[in-house]
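Colleague: Okay, handing you the structure first.
Just so it is clear, none of the values below were taken in a lab; they were calculated from the coordinates. Remember, it's a predicted structure, so these values are computed and weren't measured experimentally. Cβ atoms come from the backbone with ideal geometry, glycine included; neighbour counts cover every protein chain shown.
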Amino acid sequence: MADIIISEEIDGAAIDALGNHYELCRRRQLWNSADELQTELQTARALIVRNQTCVTSSLLSGAPQLEIIARAGVGLDNIDVETASRLGIVVTSTPTANSIAVAELTLGLMFALARHLIPAHTATAQGTWQRQKFTGIELAGRTLGIVGFGRIGRLLAIRARACGMHIAVHDPVLTQTASEIQAHQAEWLPFESLLSAADVISCHVPLTADTHHLFDYEQFVAMRQTGFFINTSRGGVVCETGLAQALQEGRLAGAALDVRETEPPGQGPLEGQENVILTPHIGAFTQAAQQRVVESVARDVQLVLTGQPAAEYVNFDRPRR
Ligand code: MLT
């Protein structure tokens, strides 16, 4: 039986190097089979996951040797951190490794929406030549509303300000006088005010009980009819049926989603709509970001399994079992 279980697609030299010292179980689809994962976890000392493996309390209670769960990414909504902590298992993440990648994708989606790049490309590739139809908007002078002003939100603000945009922010733990708001020359707004004030709204919050369906039909119709909505955070923050209805009724100009309520999502009301851009949760997927992510998880697993403190721990730096 293996020492380290890698239950999703997580590759790289740093992971290969772990194989020089430990028995690895690398199964890209293992996340999809709770029973098989449970069997593998009976003797494993480390589990490396992205966001698809549901690390539940029942899974953890059948993992008596587990010392570390290393999350190759930032979001922890798929891991029962409370139970892991109760069982003395270290949980680590890679909080800074992919922030730039996500901020850059968000910026790209904003430009793509503003200039109808996807439908313009599709129509041109089909042999048409329509210029007026794809008249877009300039982002300079427009207001970008950022909901959640952590690392990614701030990196996005810097880039959007360089494009001449005004920055409005809603983050429940900040106020107008917060240094983060001042440093980015942003305006803090209550959530409802931001919805109607922004030309583009981009969401950067973690998925928690409080943020589940933070954006539903009611919030979308409160946005500007000419507005765009972008989500590169967590799919569950958006009620997709509410978004689809608002778009179908013309209450919003367009949306871009990199993350979905269910991943992979299958065919739904958002697929195939001309004013919707859908990407397969690629925010973190640049070569540089993935190299940092993989190096970070491999380093923390190596540290914990050799009795040293983890660097990027979420709960505690050494196992307590
Ligand atoms: C993250 O949370 O780091 C990104 O969304 C990428 C991922 O979940 O794997």
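Colleague: Less than 17 Å from a label point 7 Å out along the Cα-to-Cβ axis of Tyr22: which backbone N atoms in the stretch 56-80 qualify, by residue?
Modeller: Inside the label zone: 60, 63-73.
Colleague: Using packing as a proxy for protection, rank 56-65, 224-233 so that the peptide with the highest average count of other Cβ atoms within 10 Å comes first. Kindly include the intermediate steps, with their values, before the conclusion.
Modeller: Working: 56-65: 15.1, 224-233: 22.5.
In descending order of packing, they fall as 224-233, 56-65.
Colleague: Let me know the charge dipole size of the stretch 99-278 about its Cα centre in debye, to the nearest 20, where only the beta-carbon of Lys, Arg (+1) and Asp, Glu (-1) is charged. Let's see the in-between values first.
Modeller: Details: 12 positive and 17 negative charges, 129 e Å.
Approximately 620 debye in magnitude.
Colleague: Could you please report the charge total around Leu207, scoring K, R as +1 and D, E as -1 over all other residues with beta-carbon less than 15 angstrom from its beta-carbon? Intermediate results must be reported in sequence, preceding the final value.
Modeller: Details: positive: Arg50, Arg71, Arg234, Arg260; negative: Asp77, Asp80, Asp210, Asp216, Glu240, Asp258, Glu261, Glu263.
Summing Lys and Arg as +1 and Asp and Glu as -1 gives -4.
Colleague: Pick out which of Ala44, Ala84, Ala183 has the largest mean-square fluctuation in a Gaussian network model of the chain, springs linking Cα atoms closer than 10 Å.
Modeller: Maximum among the listed residues: Ala183.
Colleague: Under a Cβ-Cβ cut-off of 14 Å, what is the net charge of the residues other than Glu192 that fall near it, where Lys and Arg count +1 and Asp and Glu count -1?
Modeller: Details: positive: Arg224; negative: Asp216, Glu218.
Charge balance near Glu192 sits at -1.
Colleague: GNM on the chain, C-alpha springs below 10 Å: top fluctuator among Gly242, Gly108, Gly127?
Modeller: Gly127
Colleague: So if I take the centroid of the Cα atoms in the stretch 221-298 and the same for the stretch 6-60, what is the distance between those two points in Å?
Modeller: The stretch 221-298 and the stretch 6-60 have Cα centres separated by 27 Å.
Colleague: Continuing with the same structure: Note down the nm distance, to one decimal, between modelled labels 7 Å out along Cα→Cβ at Thr241 and at Gln291.
Modeller: So the label points at Thr241 and Gln291 sit 4.6 nm apart.
Colleague: How large is the helix-only mean residue ellipticity at 222 nm for the chain, computed as the sum of -39500 (n - 2.57) over DSSP H runs with n ≥ 4, divided by its residue count, in deg cm²/dmol to the nearest 500?
Modeller: Calculated from helices alone, the mean residue ellipticity at 222 nm is -9500 deg cm²/dmol.
Colleague: Nothing charged except the Cβ atoms of Lys and Arg (+1) and of Asp and Glu (-1): what's the magnitude of the dipole of the chain about its Cα centre? Round to the nearest 20 debye. Spell out each step's value before the answer.
Modeller: Values: 24 positive and 34 negative charges, 141 e Å.
Approximately 680 debye in magnitude.
Colleague: Under 15 Å from the 7 Å Cα→Cβ point of Arg321, by amide nitrogen: which residues of the stretch 20-55?
Modeller: Backbone N within reach: 38-48, 55.
Colleague: When only Cα pairs under 8 Å and 6 or more residues apart are kept, what is the percent relative contact order across the stretch 99-278?
Modeller: Numbers: 328 pairs, mean separation 34.9, N = 180.
About 19 percent, as a whole number.
Colleague: If each of Ala123 and Phe191 carries a label point 7 Å out from its Cα toward its Cβ, how far apart are those two points in nm?
Modeller: Using points 7 Å along Cα→Cβ, the separation is 3.7 nm.
Colleague: What does the charge add up to near Ile68, with Lys and Arg as +1, Asp and Glu as -1, over the other residues with Cβ less than 12 Å from its Cβ? Don't jump to the answer; show the numbers that get you there.
Modeller: Working: positive: Arg45, Arg71, Arg299, Arg318, Arg320, Arg321; negative: Asp3, Glu67, Asp300, Glu312, Asp317.
Residues close to Ile68 contribute a combined charge of +1.
Colleague: Projected onto the charge dipole of the chain (+1 at Lys/Arg Cβ, -1 at Asp/Glu Cβ, origin at the Cα centre), which of Ile4, Gln38, Ala160 gives the Cα projection farthest towards the positive end?
Modeller: Positive-most Cα among the choices belongs to Ala160.
Colleague: Treat each spin label as a single point 7 Å out from the Cα along the C-beta direction, and report the Glu263 to Gln308 distance in nm.
Modeller: 3.0
Colleague: Out of Ile146, Ile68, Ile137, any idea which swings most in a Gaussian network model of the chain, alpha carbons joined below 10 Å?
Modeller: In the Gaussian network model the winner is Ile137.
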